[in-house]
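The values are calculated or read from the model by the stated rules, or taken from the named source; none is laboratory data. The structure presented is a predicted model; accordingly, all values stated were derived computationally and were not measured. Here the Cβ positions follow ideal geometry from the backbone for every residue, glycine too, while neighbour counts run over all protein chains shown. The protein model used for the area step is the full one, side chains on, heavy atoms only, and it has no ligands, DNA or RNA in it. Shrake-Rupley method; radii C 1.70, N 1.55, O 1.52, S 1.80 Å.
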Amino acid sequence: MRYFLPFLALLLFACQGEAPTSSQEEAQTTSSIELRQAQGFKVKAIENGQYLVEIGEQRFCLYPRTLKISKRLENYQYLPYPLKRVVCKSSPAWAMIELLGEHKSVVGISDARDFKSHYVEILPELGREQLNYEALLLLSPELVVGYGAKADPKLADLNIPELRLKEYAEASPLAQMEWIRLFGLLFEKDEMAQNFVNERFAAYKELKQLAQKAQTRPSVLLGSQFGGGWYLAGGKSFMAQYLADAQANYLWKDLPGKEGVPLDFEAVLAKGQKADYWLNVGSYRSFEELRANNPRYALFQAFQQKKIYNYYGNVYCGTGRRNFFESGTIYPDEVLSDLIHIFHPELLPNWRLHYYYDWADDAF
């Protein structure tokens with residue numbers, strides 16, 4: 001689960017409508033929607049309640065549903081707002097839509113296994129790897145929300161707009177959460193979205209300040225071997241930011257960039273064997289399962305001392321547990337609380353883990 005027309009050009013063109021009327025021949029005043037940390041999308045407000053949205057190479061013109069469009073900007077996909085019929089393939093997008101109270105606007109999903117919410121149980125499933133396009137057409141969606149860099153050419157052939165999220169590429173948890181501002185515009189609930197963003201920023205800041213009272217900074221190992229390589233999160237990734245804010249010492253914090261960097265098992269063992277904690281081990285659910293996959297995992301101190309914590313991901317959807325990749329995206333303060341409780345339990349002694357679980361807990 002899971003690009004910007006020059007500014008002057010935007011002044012020369014605009015979406016044209018009737019009653020009220022806008023003209024592409026006239027220069028228009030634009031103003032950028034201020035975002036606090038998100039870098040992956042940009043929004044400019046233009047006349048008649050319209051917004052120009054850029055997500056990398058993707059370009060959209062959002063216009064009020066009552067505005068009649070007679071001329072359109074080239075290379076822009078036009079979306080009326082508030083949206084009424086959406087197909088959702090992204091679990092973070094679902095979390096944002098549901099938080100805004102717009103789950104009833106979702107008419108179809110990719111695969112129920114990718115979502116935790118009970119609301120998806122009644123929605124048509126259109127396929128995870130490839131959509132069922134015949135079933136999709138019957139739903140008459142105004143927008144398909146997905147993820148990733150690659151567009152679906154079939155959707156373009158069917159004249160169905162596609163919006164691909166890139167919140168996962170942001171460098172901080174708060175920046176990922178701030179993508180809810182985009183959905184606030186799509187559903188005409190920007191004030192609600194903005195208030196939510198401000199609340200999360202305030203809560204996160206308070207927790208970050210609390211973590212700074214910690215007397216220790218335990219060392220942390222992330223991930224596990226996959227496909228022949230052990231992919232370690234880059235030092236500029238959102239996960240590295242989480243660990244820094246929780247006052248933990250991520251042993252690979254000096255890795256460049258945000259993307260995962262593949263290392264061989266021996267290199268990870270040499271540096272991470274004495275790590276105090278081991279997080280985000282993937283789809284494994286127990287020490288026994290991990291050791292059965294590769295006995296050398298038992299060489300790590302965190303394994304021997306039973307200090308492995310994993311997140312609840314898509315494989316736990318339907319279990320009543322919170323999905324790290326769904327609601328975890330919009331509640332970074334709760335994820336940070338989990339991490340502070342894990343590394344510094346004395347600072348949040350009464351906190352109950354929301355998105356992580358302790359493998360040493362036999363109750364799971």
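Whenever a residue of the stretch 42-60 is under 19 Å from ILE160 (Cβ atoms) and among the acidic types (Asp, Glu), its partners that are open to solvent by 20 Å² or more (accessible area, probe 1.4 Å) and modelled with pLDDT under 95, lying with C-beta atoms within less than 8 angstrom and at least six residues away or across chains, give the pairs GLU57/TYR3. Scanning the stretch 74-96 for residues that are part of a loop (DSSP other than H, G, I, E, B), of a type in the set (S, T, N, Q) and within 13 Å of PRO161 (Cβ to Cβ) yields a count of 1. Condition (residue is surrounded by fewer than 24 Cβ atoms within 10 Å (Cβ to Cβ), in contact with a strand residue (DSSP E or B) (Cβ under 9 Å, 6 or more places away or on another chain) and not charged (D, E, K, R)) applied to the stretch 111-121: is it met by at least one residue? The answer is yes, given that some residue of the stretch 111-121 is surrounded by fewer than 24 Cβ atoms within 10 Å (Cβ to Cβ), in contact with a strand residue (DSSP E or B) (Cβ under 9 Å, 6 or more places away or on another chain) and not charged (D, E, K, R). Restricting the stretch 144-170 to residues that are acidic (Asp, Glu) and under 12 Å from the mean Cα position of the chain (by Cα), the residue that is surrounded by the most Cβ atoms within 10 Å (Cβ to Cβ) is GLU167.
Does at least one position in the stretch 334-344 carry a residue that is open to solvent by 20 Å² or more (accessible area, probe 1.4 Å), farther than 21 Å from GLY260 by Cα, modelled with pLDDT under 95 and out of contact with any strand residue (DSSP E or B) (no Cβ under 8 Å at 6 or more places or on another chain)? If you could, list the steps in order and put the result at the bottom.
Of the stretch 334-344, the ones open to solvent by 20 Å² or more (accessible area, probe 1.4 Å) are 334, 341.
Next, only the ones that are farther than 21 Å from GLY260 by Cα stay: 334, 341.
Restricting the remaining residues to those that are modelled with pLDDT under 95 gives none.
No; the residues of the stretch 334-344 include none that is open to solvent by 20 Å² or more (accessible area, probe 1.4 Å), farther than 21 Å from GLY260 by Cα, modelled with pLDDT under 95 and out of contact with any strand residue (DSSP E or B) (no Cβ under 8 Å at 6 or more places or on another chain).
The C-beta contact set for the stretch 288-304 (first residue under 13 Å from VAL268 (Cβ atoms), second residue open to solvent by 20 Å² or more (accessible area, probe 1.4 Å) and assigned to a helix (DSSP H, G or I), distance under 8 angstrom, 6+ apart or interchain) comprises ARG296/LEU269; TYR297/ARG291; LEU299/LEU269; PHE300/LEU269; PHE303/ARG291.
When GLU188 is tested against (1) in contact with a strand residue (DSSP E or B) (Cβ under 9 Å, 6 or more places away or on another chain); (2) closer than 22 Å to LYS84 by Cα; (3) of a type in the set (D, E, K, R); (4) buried (at least 19 other Cβ atoms within 10 Å of the Cβ), only condition (4) is not met. Selection within the stretch 60-105: residues that are over 22 Å from the mean Cα position of the chain (by Cα) and of a type in the set (Val, Ile, Thr). The member of this set that is surrounded by the fewest Cβ atoms within 10 Å (Cβ to Cβ) is THR66.
Take GLY40 and decide whether it is out of contact with any Leu (no Cβ under 9 Å at 6 or more places or on another chain), open to solvent by less than 30 Å² (accessible area, probe 1.4 Å) and modelled with pLDDT of 60 or more. I'd like the intermediate steps shown before the answer.
Values: out of contact with any Leu (no Cβ under 9 Å at 6 or more places or on another chain): no; open to solvent by less than 30 Å² (accessible area, probe 1.4 Å): yes; modelled with pLDDT of 60 or more: yes.
No: the conditions fail for GLY40.
For the stretch 171-184, a tally of residues being assigned to a helix (DSSP H, G or I), over 12 Å from PHE41 (Cα atoms) and open to solvent by 10 Å² or more (accessible area, probe 1.4 Å) returns 1. Each residue in the stretch 244-301 was checked for being closer than 19 Å to GLY228 by Cβ and either among the β-branched types (Val, Ile, Thr) or under 24 Å from the mean Cα position of the chain (by Cα) (or both), and 12 pass.
Could you list, in sequence order, all residues of the stretch 97-149 that are of a type in the set (A, V, I, L, M, F, W, C), touching a Phe, Trp or Tyr at 6+ places or on another chain (Cβ under 7 Å) and assigned to a loop (DSSP other than H, G, I, E, B)? LEU100, PHE115 - these are the residues of the stretch 97-149 that are of a type in the set (A, V, I, L, M, F, W, C), touching a Phe, Trp or Tyr at 6+ places or on another chain (Cβ under 7 Å) and assigned to a loop (DSSP other than H, G, I, E, B). The set of residues in the stretch 45-54 that are part of a strand (DSSP E or B) and either surrounded by fewer than 20 Cβ atoms within 10 Å (Cβ to Cβ) or on the phi > 0 side of the Ramachandran plot (or both) comprises ALA45, GLU54. Of the residues making up the stretch 313-333, those that are closer than 22 Å to PRO218 by Cβ and either at pLDDT below 90 or open to solvent by 10 Å² or more (accessible area, probe 1.4 Å) (or both) are PHE324, ASP333. Filtering the stretch 293-306 down to residues that are open to solvent by 30 Å² or more (accessible area, probe 1.4 Å) and at pLDDT 95 or above, which residue is farthest from LEU221 (Cα to Cα)? Only one residue tops the list, namely PRO295.
Inside the stretch 70-101, can you point out the residues that are basic (Lys, Arg) and touching a Pro at 6+ places or on another chain (Cβ under 9 Å)?
The first filter runs over the stretch 70-101 and keeps only residues basic (Lys, Arg), leaving 71-72, 84-85, 89.
Selection gives ARG85 alone.
Any residue that is closer than 24 Å to TRP351 by Cβ and modelled with pLDDT of 95 or more - is there at least one of those in the stretch 260-276? Scanning the stretch 260-276 turns up at least one residue that is closer than 24 Å to TRP351 by Cβ and modelled with pLDDT of 95 or more. Selection of strands (runs of 3 or more DSSP E) fully inside the stretch 203-284 by the criterion of at least 1 residues being open to solvent by 40 Å² or more (accessible area, probe 1.4 Å) returns 229-232, 261-263.
Can we say SER140 is among the polar types (S, T, N, Q) and surrounded by 16 or more Cβ atoms within 10 Å (Cβ to Cβ)? Criteria not met by SER140.
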